[in-house]
Amino acid sequence: MPIVSRGFQGRRRQPGAGLVPPGQYLVDDFPVLSAGPTPDIRLEDWDFTIVDETGGVAARWTWQEFRSLPAEEVTVDIHCVTKWSKLGTRWEGVAVDTLLEGVDTAAEFAVAFSDGGYTTNLPLEDLLGGRAWVAFGFEGEDLEPEHGGPARLLVPHLYFWKSAKWVRGLRLAEQDEPGFWESVGYHNYGDPWREQRYWDD
């Protein structure tokens, strides 16, 4: 099985000056990349869990409870490590700030975990302050499974592999713990404007 899905190259067009990070090109479509098959997720089985640094469950929502939380519509640019960028994408989701309200933690890091076993690590501060969402809508429609539906993490200021598809929770941690791609050579942070694609970047 190939490590990424077919169709990941996208349709290129010329980048707009100052709108895309170095080395990126614009696409009009939405390329699909996955490290494995798209999981079949039943909404009645879905939940989202915050695990604190002690390993305890700090918060959990069923799909119905999650969809009852205050949601936001955001328009952001997204940048993939494979060098495509897509500008002005419209999403709907719940801010991670909302999910972490009332969670008492001394953690400085978080690991997002997903159906299929995928993980990715982030500094906790990169998920707060209106910088990250758990998104369930894209361009006015439900988020399609191939793009991470029913819900994916959305962290648009970092390369898009940090926006974990099929996300099921956040595990808070006192120390940084590399996730799936970070463990096999991708940059630990992934700032597209600094071209932090791989370990040595």
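Taken together, the values in this text are just the output of simple stated rules run on the coordinates, not laboratory data. Treat the numbers as computed from the prediction; the structure is a model and nothing was measured. Note that each Cβ is placed from the backbone with ideal geometry, even for glycine, and that neighbours are counted across all protein chains shown.
Could you give the size of the charge dipole of region 87-141 about its Cα centre, using +1 on the Cβ of each K and R and -1 on the Cβ of each D and E, expressed in debye and rounded to the nearest 20?
Numbers: 2 positive and 10 negative charges, 24 e Å.
The calculated dipole for region 87-141 is roughly 120 debye.
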Here the relative contact order (percent) of region 114-170, from C-alpha pairs under 8 Å and at least 6 apart, is 37
The farthest towards the positive end of the charge dipole of region 51-154, of the residues 154, 84, 112, given +1 on Cβ of Lys and Arg and -1 on Cβ of Asp and Glu, is 84
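Divide by every residue of the chain the summed helix terms, -39500 (n - 2.57) for each DSSP H run of at least 4, and state the resulting mean residue ellipticity at 222 nm, rounded to the nearest 500 deg cm²/dmol.
Numbers: 2 runs with 9 residues, N = 201.
Mean residue ellipticity, 222 nm, calculated: -1000 deg cm²/dmol.
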Which of (i) 16; (ii) 35; (iii) 20 is the computed percent of Cα pairs over 30 Å apart? It is (i)
Given unit charges at Cβ for Lys, Arg (+) and Asp, Glu (-), the dipole magnitude of the chain about its Cα centre in debye, nearest 20, is 880
In a Gaussian network model of the chain with springs linking alpha carbons closer than 10 Å, the residue among 150, 21, 37 that fluctuates most is 37
Filtered hits (aspartates and glutamates, Cα-Cα < 14 Å from residue 86, offset >= 8 within chain) -> 28, 29, 77, 139
If every Lys and Arg gets +1 and every Asp and Glu gets -1 at its Cβ, then about the Cα centre region 101-201 yields a dipole, in debye to the nearest 20, of 120
